[in-house]
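The values are calculated or read from the model by the stated rules, or taken from the named source; none is laboratory data. Quick caveat, the model's predicted, so the values are computed rather than measured. In this analysis, Cβ positions are derived from the backbone assuming ideal geometry, glycine residues included, and neighbour counts consider all displayed protein chains. Accessible surface is based on the protein model in full, side chains and every heavy atom, while ligands, DNA and RNA are left aside. Shrake-Rupley method; radii C 1.70, N 1.55, O 1.52, S 1.80 Å.
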Amino acid sequence: MSAGEPVVFPPGFLWGAATAAHQIEGAAAERLPSVWDTFAAVPGKVLGGDTGEVAADHFHRWREDVRLMAELGLGSYRFSVSWPRVLAVGTGFYERLVDALLEAGIVPCLTLYHWDLPQHLEDRGGWPERETAYAFAEYAATVAGALGDRVRLWTTLNEPWCSAFLGYASGVHAPGRTSPADSLRAAHHLNLAHGLAAAELPAGARVGIALNPSAVRPLTESAADLDAARRIDALANRVFTGPLLHGGYPADLLADTAALTDWSFVRPGDEGLIAGRPLDFLGVNYYTPAVVSALPEGAEGPRADGHGASAHSPWPAADGVAFHQPPGERTAMGWSIDPTGLYDLLERFAAEAPGLPLMVTENGAAFGPELEDPERIAYLRSHLAAVHRAIAAGVPVEGYYLWSLMDNYEWSYGYSKRFGIVHVDYGTQVRTPRASAHWYARVARGGVLPPV
Ligand code: IFM
């Protein structure tokens, strides 16, 4: 394909956009409190003290939002179900949403967990406790009972790395705990939760998980930098893909973390429970690569790993690793823009799990509030071109979900970061599609990336 030629995606490629319950729904009074309510109430934890109480008020404006998705020609919508809402008021809201999506010809892709752990479960120990995985399976069975006849695409967990390591090691995410050992327990119980929940989902459904794998790159080819990259690869990626795809945790991860834990919380048979229902697809969330090196002995490492400021590292037992910001353009999150990281991950998983379909379950960028957003269009274009290159190289990528359909609550950054192709005025809740929304609508309708 020569420069300037249109980039044509295969027929049937799923063009979607994604959101998450806590980030857009609001209506906090109509659900139980989650860890994010508690965390946001602690001064200093979330920028500006912003909370998810109202967010984009999607809970009341979902009809308008589905109309907007239809106008944008989306083939699919990936959303998450709020566990604390289901416990409080049942699944009715999601049933109505799914029916409206189906009526509009939009394929629902349902995520069971996008970080809003019910607070009472955190009070009983949260993800470091095994019981939380069983509670999650029970909740999954409830949602499957209500929606299993209509939803064909499911992801169990969104970015369990963030839940485990930002939530329990660095503490920049709820519940804000800072115990490296607990973060490893949490990672295992999230893996277990995936497996137990997957077993509860309908037989004919396609079940996946949305990871945020790290495209880890060593700063140099020195043995020390290569080892730093190996350590981060274990903690970012293989802690999940090990049990999900390869029958267990990798030996180097167990060795690297031996001073923190003996991993005895992994019980005999857990590997079978985690991978008992093989993945129908692997979801890949990608934003930016990670460049790492070894730290000279005794040096304090730059912690610019893009995951917020904390005195505590999200990387247990990786004190000797430094993170580097590659030169070049960045998004409003300070994340460097590099679509080759997405290509590399897709190619990696195609090699690692031959034949396993892949979906880009999140990709996008935060920029300013303006309606004209050429930087976002350029970001999306370059990343979609990377997806296309991967498909052309034989990687089975079946779909792409842009993050995000609309501006929303960016966790510890509150409402200060805007990822939406649709602008939200938080004062009036008026939605206005940005230039990128119109651009994406054309791409989604035609299945073609127009020449630059
Ligand atoms: O907003 C988040 C989303 O909740 C999970 N993936 C990354 C996005 C941007 O930071």
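The figures follow:
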{"read-out": "Largest-first ordering by accessible area, 1.4 Å probe, given options 122, 347, 131", "value": "131, 347, 122"}
{"read-out": "Kyte-Doolittle mean at least -1.0, axial Cα span of 24 Å or more - DSSP H helices of the chain", "value": "130-147, 180-198, 374-392"}
{"read-out": "Share of pairwise Cα separations in the range 1-118, more than 25 Å, in percent", "value": "33"}
{"read-out": "With DNA, RNA and ligands ignored, accessible area of residue 63 (1.4 Å probe; Å², nearest 10)", "value": "140"}
{"read-out": "Positive-end residue of 281, 169, 324, charge dipole of the chain with Cβ unit charges", "value": "281"}
{"read-out": "Where 421, 377 fall by accessible area, highest first, once all protein chains stay in place (1.4 Å)", "value": "377, 421"}
{"read-out": "Cut-off under 5 Å, modelled amide H: who pairs with residue 111 long-range", "value": "79, 80, 81, 155"}
{"read-out": "Radius ratio Rg over Rh of the range 52-108, counting only Cα atoms, Kirkwood formula for Rh", "value": "0.97"}
{"read-out": "Nearest-20 debye value, the chain charge dipole, Cβ charges on Lys, Arg, Asp, Glu", "value": "740"}
{"read-out": "Packing rank of 236-249, 393-406, where each peptide gets the mean count of other beta carbons within 10 Å, highest leading", "value": "393-406, 236-249"}
{"read-out": "Reciprocal of mean inverse Cα separation for the chain (Kirkwood radius, Å)", "value": "22.0"}
{"read-out": "222 nm mean residue ellipticity, helices alone, for the chain (DSSP H n ≥ 4; -39,500 (n - 2.57); rounded to 500)", "value": "-10500 deg cm²/dmol"}
{"read-out": "Average Cα contact separation per residue, the range 101-204, under 8 Å, 6 or more apart, as relative contact order %", "value": "34"}
{"read-out": "Accessible-area composition of the chain, carbon plus sulfur, in percent [1.4 Å probe]", "value": "56"}
{"read-out": "In Å, descending, principal axis extents of the Cα set of the range 348-452", "value": "48, 33, 19"}
{"read-out": "Residues of the chain: accessible area per residue with a 1.4 Å probe, Å²", "value": "36"}
{"read-out": "The chain, relative contact order in percent, only Cα pairs under 8 angstrom and at least six apart counted", "value": "19"}
{"read-out": "Ranked packing of 198-205, 158-165, 354-361, most packed first, by mean Cβ within 10 Å", "value": "158-165, 354-361, 198-205"}
{"read-out": "Pairwise centroid distance, computed over Cα atoms, of the range 115-162 with the range 234-258, Å", "value": "22"}
